[in-house]
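Right, one structure below, let's go through it.
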Amino acid sequence: MKKSLCCLALCGAFACLTAADKVIKLPPPDKTGGKPFMQVLTERKSKRNISDKPLTMQELSDLCYAATGVTRPDGRRTNPTARNIQDIVLYAAMKDGLYRYDPAKHELLLEQARDLRPFCGFQTQMHTTAPVVLIPVSDSAKMKAKRFPTDRIAVYAPMHIGFVVQNIYLYAASGGFATVVCGAVDTKKLAEEMKLPGDSLLYVTMPFGRE
C-alpha cells in the first residue's frame, strides 16, 4: 500500500513538472530601466556575434514585453497596428522548444518541445548559438475577418512586423544585447516546421542574446 502511494506521489510530481514546462510564467517586466531614448536610437545596430549564454527570466520577460507587451488596460500593446487589429503573434524558438507569447497573461506557451532554431535562417550557426530566436508572425486572418482589402493586408502585415522588429532592436540597444533581423530564411519551410495556420505571414527572424 505504501509502495503504491509512493508511486502515485511520484507520478503526480512528474505531471506537475511536465505541465509547468508547457507554460513559462514570466515575471512582471521592468518598466523603469534602460538608457535614455536618444542614446538608444544612436546605439541601435545589428550585431551578429551572439553568445550562447542563456537569458535570465527577467530579461526574457522584458524582451517579450518590449516586442509586443500590453501597455494599457484596454489591451493595447507596445507595437501599433492598423485599427488596433493586433495581428502579431510572437514566437520564441529556444533549445528546449518553440514557445508562443501570450501578451494578455505575459507568459510563454509551449507549441512544440523541440529545437526549431536550425530552420530559422540560412546562417545556421548564428541562429543555433543564440539562446532565443524571435519570430514575429502576422495572423492575416484577423484582418480578413475585418474585411481589410487584400492590397492593404500586403502593406499592413510587413509594416506591423517591422514595428516589432524595431522594438526588439531598441530593447537590445538599451540593455546591451546583440540581435539582427534576418530575411535570409526559408520562410515556407520554417512555417511548415512551426505548423503555422494557413493565414500566417512570416517574413523575418531575429536571433537574440549577449555578445
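The values are calculated or read from the model by the stated rules, or taken from the named source; none is laboratory data. It should be emphasised that the depicted structure is a prediction, and the values quoted were computed from it without experimental measurement. Every residue, glycine among them, receives a Cβ derived from its backbone with ideal geometry; neighbour counts consider all protein chains shown.
Key figures for this structure:
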| read-out | value |
| --- | --- |
| When residues of region 34-80 are limited to those that are acidic (Asp, Glu) and assigned to a helix (DSSP H, G or I), the one surrounded by the most Cβ atoms within 10 Å (Cβ to Cβ) | ASP62 |
| Any hit, region 194-210, residues being closer than 21 Å to GLN123 by Cα, in contact with a strand residue (DSSP E or B) (Cβ under 6 Å, 6 or more places away or on another chain) and among the aromatic types (Phe, Trp, Tyr) | yes |
| Residue in region 166-178 that is surrounded by fewer than 16 Cβ atoms within 10 Å (Cβ to Cβ) and either at pLDDT below 95 or over 24 Å from GLY33 (Cα atoms) (or both) present | no |
| Tabulated pairs, region 119-141, first in contact (Cβ under 8 Å) with a residue 40 or more places away in the chain and on the phi > 0 side of the Ramachandran plot, second polar (S, T, N, Q) and surrounded by fewer than 24 Cβ atoms within 10 Å (Cβ to Cβ), C-beta under 9 angstrom, 6+ apart or interchain | none |
